[in-house]
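A short reminder: the numbers here are calculations on the coordinates, not readings from a lab. All figures in this text were calculated on a predicted structure; none of them were measured in a lab. Cβ placement follows ideal geometry from the backbone for every residue including glycine, while neighbour counts extend to all protein chains displayed.
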Amino acid sequence: MTVLEVTGLRRSFAGLRAVDGVSFTVEPGEVVSIIGPNGSGKTTALNLVSGVLRPDSGQVTFQGRDVTGWRPERLAAAGLSRTFQNGRVFGNLTVAENVLIGLTPTLQAARPFSRWRNVPVLRWASLLAETAVALVDPPAVRRELADRQAKVATQLDRFGDRLTPRADLAAHTLSYANRRRTEIARALASGPALLVLDEPTAGMNPAETGEVLEQLLELKAAGQTILLVEHKIDLVMRLSDRVLVLDAGSVIAAGPPEQVRSDPRVIEAYLGK
Ligand code: ADP
């Protein structure tokens with residue numbers, strides 16, 4: 001079954017057509033990249049797909065269900081996880097706690113902006129819930145916690161020795177690249193059917209970018225379906241099965257990387273600059 005089908009998606013801001021009739025699909029196991037000049041509508045398209053924004057018109061179908069207008073947390077619970085351009089982690093939770101949040105999709109879609117308000121609530125709410133369950137059925141709690149710890153460890157190990165040794169450090173103490181890895185690990189924790197990444201290597205140096213590329217290639221080899229926006233063309237060409245080129249809110253080319261790269265319209269609008 002097609003993982004994602006987007007049909008005729010439109011969204012304007014004060015008369016500006018940011019996304020102007022975009023259609024595409026993502027098939028199981030595919031990596032599809034969206035590229036295009038600044039302001040061409042890439043992030044808006046991801047926001048429409050992941051429920052951060054509502055489309056003015058058009059339809060988003062995820063695994064055969066019409067999910068148009070669904071909120072991010074509902075989409076996350078249905079199997080669509082995303083990361084953000086600037087990397088959103090809960091700075092005063094540990095790396096492991098951040099990934100643990102990914103196991104609870106409603107929390108995964110929570111915004112770490114208001115961390116002073118959110119974090120104590122998260123801590124106390126989960127503590128209360130766990131205490132209540134523990135009083136009723138301690139072995140079940142132990143099994144559940146062991147299971148969650150194992151899932152978190154699996155996600156951390158994905159990034160070699162970058163995250164595992166730092167599992168118990170507050171996320172704000174990490175390097176930028178490690179915070180972004182933490183965010184990807186969190187998005188993967190629930191085993192999403194579709195991983196949506198907004199510029200996963202933005203702000204990373206070439207070595208860090210190369211490392212993230214290897215990790216994304218491993219994910220792809222393991223069958224993970226991915227939709228991403230990315231500026232770094234070399235990464236896009238190496239990773240993608242198909243590339244979608246946006247210009248002024250419209251798709252001007254779509255196809256395998258080699259085909260898109262040699263498309264005269266693409267060279268004119270984007271690559272040639
Ligand atoms: P890209 O990700 O390709 O750089 P965006 O999707 O961020 O492009 O933006 C597409 C266009 O929509 C740009 O002209 C941008 O200024 C405008 N835009 C995006 N988000 C908003 C918003 N929340 N309010 C007003 N204009 C916006």
**Study point:** Calculated on alpha-carbon atoms, Rg and Dmax of the range 26-78 in Å
**Key:** 11.8, 32
Exercise for review: Compute the acute angle (0 to 90°) between the alpha-carbon long axis of helix 115-136 and the principal axis of greatest extent of the alpha-carbon atoms of the chain; round to the nearest 10°.
Suggested key: 50 degrees
Exercise for review: Work out the charge dipole of the chain with +1 on the Cβ of Lys and Arg and -1 on the Cβ of Asp and Glu about the Cα centre, then indicate which of V136, L4, P165 is farthest towards its positive end.
Suggested key: V136
Revision key, fill the gap. Packing-ranked peptide list from 48-57, 184-193, highest mean Cβ count within 10 angstrom first, is 184-193, 48-57
Check your understanding: Taking only Cα atoms, what is the 0 to 90° angle, nearest 10, from helix 176-188's long axis to the longest principal axis of the chain?
Key -> 80 degrees
Study note, to complete from the structure: Of all DSSP beta bridges having both residues in the chain, the percent classed as antiparallel (nearest 5) is 60 percent
Review point. If the cut-off is 17 Å between C-alpha atoms, which aspartates and glutamates fall inside it for K151, apart from same-chain ones fewer than 8 positions away?
Key: E97, D161, D168, E183
Check your understanding: What's the Cα-based Rg to Rh of the chain, Rh via Kirkwood?
Key -> 0.99
Revision key, fill the gap. The helix 138-157 Cα axis meets the longest alpha-carbon principal axis of the chain at an angle in degrees, between 0 and 90 and rounded to 10, of 40 degrees
Check your understanding: In the range 167-261, how does Rg compare with the Kirkwood Rh, expressed as the Rg/Rh ratio over alpha carbon atoms?
Key -> 0.99
Practice item. Could you check the simple spin-label distance between E130 and T154, using points 7 Å along Cα→Cβ, in nm with one decimal? Key: 2.0 nm
Check your understanding: Which whole-angstrom value gives the distance between the alpha carbon centres of the range 204-239 and the range 241-273?
Key -> 18 Å
Check your understanding: Given a Förster distance of 41 angstrom, what is the FRET efficiency for E144 paired with A207, based on the Cβ-Cβ distance and rounded to 0.05?
Key -> 0.60
Exercise for review: Let me have the relative contact order for the chain, percent, based on Cα pairs under 8 Å that are six or more residues apart.
Suggested key: 28 percent
Study note, to complete from the structure: The extension gain from S23 to Q63, computed as 0.36 nm times the residue separation minus the Cα-Cα distance, is 12.8 nm
Practice item. May I ask you to derive the FRET efficiency for T2 and L217 from their Cβ-Cβ distance with R0 = 30 Å, giving the value to the nearest 0.05? Key: 0.85
Revision key, fill the gap. Treating only Lys and Arg (+1) and Asp and Glu (-1) as charged, each at its beta carbon, one finds that the chain has a dipole about its Cα centre, in Debye to the nearest 20, of 740 debye
